[in-house]
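A short reminder: the numbers here are calculations on the coordinates, not readings from a lab. Quick caveat: nothing in here was measured; it's all calculated off a predicted structure. Note: ideal-geometry Cβ built from the backbone for every residue, glycine included; neighbour counts use all protein chains shown.
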């Protein structure tokens, strides 16, 4: 047994393709064993315990009898077992597309299948059925009956949630003279929504790392941090008004530095409407770079499970987190998110856009229709003025674009997220220094505009929005150019995109934006070049 435990798996694979003499020499190394070469070939080479039903049954029986602790069963098998010497235990079996007649016969003989030689005369082997009254078939039918039928079926007892009041959203629609980051605007909205009498308790804020990163300490006194054991220590910030507050009935899931664990919690809450008949509203907020890049596979699994909720890529953009190293310089998550068919990805510029999108998300995911989608919003940590919501822009916010600032229409600046402020500064620069009138458009979702254009049977919304517009179109964002380039095929005017392609660099926001050519002066120069004015 000691010798067997020393043998690497790769060597066991070699034994499965070797003679008994080879096994005797290389496994037992001169030891006297009471087996013939044929016995060794069978016992060590091809008759592994994982292929012997009695041994597998005995292992499971012993595991079931073991109480109070989990049991791990380790078995050895031979890949391609019973498929003949040309396939069995060979690396090449991953490339084998079909068996020869001789290999079919070897398989039949090895497994003792009741298939006559004449049935193997054709190109394809016959289907073997043990009969409708055989023990195997009866067992399979009984198990299917216990599982609810012959086909897997997803049974959902879904109960819609009432829409929240208008008050939380009205606060964001008013705007703010004080500079506020869209991350903070979202946290304020969340805090107000968690006070709603009917749905507030269903929110599940999920935070990796430190909640203060995203300004969420205001939730501590009321929502509290969930701990199954309650508060068992004096927090280091206990003298602060907004100190850590843990409780057995806490609502915030403060996960620590585990994005994978946070996504697991999010998925559980996002699918609870189906698994438990209780709709929860998970909101998972994370450093933008550590979402689709680090746990993107879990986000695809979330889509497969028809999960619903809000993923928040905070501190988004390539140039807004330049002081913490390139591992935070996210200029591509919006592109990754656009590939997921269940994800509605938005890059809002203003607080009122955040509120409008969240309210629509609640309606679509938790209203009477209960759509199987989830929302991804990228928000920024850059405090900037938050204007009041203009009249008549709600449809444009939700569908992906609206004209935010008309300036003459000689050119059109399309901007998303924090880049809207660079575009507005460029608009002013062009007007004051060159007498050029430029319109600025807020693009809340490049990917939703693209989806609409690909699926509509009429005029795509992007073309409806720009109908009648003349002059070149210049797109700018804090993302790589491939993000705005998603809508380029449906732009009839000359097109230019500016973005943050590359790894980036550490420095001030202003200097890094100059480096990428997305600062106001660079945007203005791109407009001048596009209209043929020059400098």
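Average projection, convex hull of the Cα set of the stretch 150-275: 10.9 square nanometres. Relative to the longest principal axis of the Cα atoms of the chain, helix 101-111 runs at roughly 70 degrees. Measuring nothing but how far apart in sequence close Cα pairs (under 8 Å, 6+ apart) lie, relative to its length, the chain scores a relative contact order of 11 percent.
Rounded to the nearest 10 degrees, the angle from helix 292-304 to the longest Cα principal axis of the chain is 70 degrees. The ellipsoid that matches the Cα gyration tensor of the stretch 81-148 has semi-axes, each √(5λ) in whole angstrom, of 28, 17, 11, with the longest given first. The calculated Kirkwood hydrodynamic radius for the chain is 28.1 Å, given to one decimal from all distinct C-alpha pairs. Sorting 454, 289, 280 by the number of Cβ atoms found within 10 Å of their own Cβ, with the fewest placed first, yields 454, 280, 289.
Could you please rank 391, 88, 433, placing first whichever residue has the fewest other Cβ atoms within 10 Å of its Cβ? Present the calculation step by step, with values, prior to reporting the outcome.
On the way: 391 6, 88 21, 433 11.
Going from sparsest to densest Cβ surroundings: 391, 433, 88.
Scaled against the 2.2 N^0.38 Å expected of a compact globular protein of N residues, the Cα radius of gyration of the stretch 177-225 reads 1.17.
For the stretch 399-531, the alpha carbon convex hull comes to 93 Å³ per residue, rounded to a whole number.
The C-alpha atoms of the stretch 251-410 occupy a region whose extents along the principal axes are 54, 43, 30 Å, arranged from largest to smallest. For the stretch 2-109, the Stokes-Einstein estimate of translational diffusion at 37 °C and a viscosity of 0.692 mPa s comes to 209 µm²/s, using the Kirkwood hydrodynamic radius over alpha-carbon pairs.
Where does each of 158, 139 land when they are ranked from fewest to most other beta-carbon atoms within 10 angstrom?
139, 158
Helical runs assigned H by DSSP (4 residues or longer) give the chain a calculated mean residue ellipticity at 222 nm of -10000 deg cm²/dmol, each run adding -39500 (n - 2.57) before division by the residue total.
Computed from Cα positions, the angle between helix 351-366 and the longest principal axis of the chain comes to roughly 40 degrees. Taking all Cα pairs closer than 8 Å and separated by 6 or more residues, the relative contact order of the stretch 399-531 comes to 28 percent. Between the stretch 270-315 and the stretch 493-529, the C-alpha centres lie 32 angstrom from each other.
Among 375-381, 365-371, sorting by the average number of other beta carbon atoms lying within 10 angstrom of each residue, highest first, gives 375-381, 365-371.
Given the chain, what percent of its DSSP beta bridges are antiparallel, to the nearest 5?
Details: 7 of 43 bridges.
Taking every DSSP beta bridge within the chain, about 15 percent pair in antiparallel fashion.
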